[in-house]
Amino acid sequence: NFEPGEKVCAVSSLYYNTDAEYVVFFTKQGLIKKTKLDEYKETKKSTGIKAIKFKDDDELVDVTFIKDESVIIVSKFGLAIHFDTKDITPVGRIACGVKGIKLDENDYVIAGLPVGKKEYIAVFTEKGLGKMTAIKDYPFQIRGGKGIYTYKSSAATGEIAAAVLVNPDDQVLLLGTPSSICIAAKDIPISGRTAIGNMMIKDSKIIGAVKL
């Protein structure tokens, strides 16, 4: 059951990640929260259980399972920050998070991604452009900083709409309106952080991406 105005943000499975120890939450205003997975495993309530506490009209963007690994946060304006989660102290289920990325005015987080063994970050713009950049091009930084550019957007490209971490043998489902498309990661061009990439889908506005 939902409260008024509530919606599903993420659906995740532990099937491929059975050694996960934590649930990590990423919020629109740049906060990150790490909580022991055990705090969410037992619930029989039809309404679910409280997962995170928000401040100042913030909202959830991404949820993922991790052990202890690095993450990359990506913003709408094309900034990304790569940092380790080992130094983030786990907090209780209904606690707030800590600053993950410092955002400029009107910017907000569009993805929070656990790096794991992935080699590339793929980013896609509202107007259908996409590219991949090697994870090694994103040095570790101190949590809470502004990060570095992963994309230089413009009126012609549109702002960042989605980001996923991939290996060349992965598939990516690009969600758009009115059309969506499934593409092989190897067909996404590999380029530098400030390159604009190639057209991935025409005549559709990208609203999300899923690594398959």
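The values are calculated or read from the model by the stated rules, or taken from the named source; none is laboratory data. These numbers were taken from a predicted model, which means no experiment stands behind them. In this analysis, Cβ positions are derived from the backbone assuming ideal geometry, glycine residues included, and neighbour counts consider all displayed protein chains. Heavy atoms of the whole protein, side chains included, go into the accessibility calculation; ligands, DNA and RNA do not. Shrake-Rupley method; radii C 1.70, N 1.55, O 1.52, S 1.80 Å.
Among the GluC sites (Glu not before Pro) within the range 105-177, which fall in a DSSP loop and have no more than 16 other Cβ atoms within 10 Å of their own Cβ? Hits after loop and neighbour filter: GLU105, GLU119. Within the listed set ILE160, ILE110, ILE49, the residue fluctuating most in the Gaussian network model of the chain (springs between alpha-carbon atoms under 10 angstrom) is ILE49. Loop-located trypsin sites (Lys or Arg not before Pro) in the range 80-133 (DSSP state other than H, G, I, E, B) with a sparse environment of at most 12 neighbouring Cβ atoms within 10 Å: LYS86, LYS117. Length gained on full extension, THR89 to ILE207, computed as 0.36 nm times the residue gap minus the Cα-Cα distance: 39.2 nm. Okay, which of the range 1-36 sit inside 16 Å, backbone N to the point 7 Å along the Cα-Cβ direction of GLU42? Hits in the range 1-36 for GLU42 at 16 Å: 36. Potential lengthening of the chain between TYR15 and LYS50 amounts to 10.3 nm, from the contour at 0.36 nm per residue minus the alpha-carbon distance. Annotation: per residue accessible area for the range 140-180 equals 48 Å², rounded to a whole number [probe 1.4 Å, protein chains only]. Among the chymotrypsin sites (Phe, Trp or Tyr not before Pro) within the range 110-161, those in coil by DSSP and having at most 11 neighbouring Cβ atoms inside 10 Å are PHE140. Placing a label point 7 Å from the Cα of VAL98 along the Cα-to-Cβ direction, the residues of the range 1-44 with a backbone N closer than 12 Å are 32-35. Pairs from the table (LYS117/LYS205; LYS33/LYS102; LYS33/LYS117; LYS127/LYS152) lying more than 19 angstrom apart at Cα are LYS117/LYS205; LYS33/LYS117. Length available on full extension from ASN198 to THR177: 0.36 nm per residue minus the Cα-Cα distance, which gives 5.7 nm.
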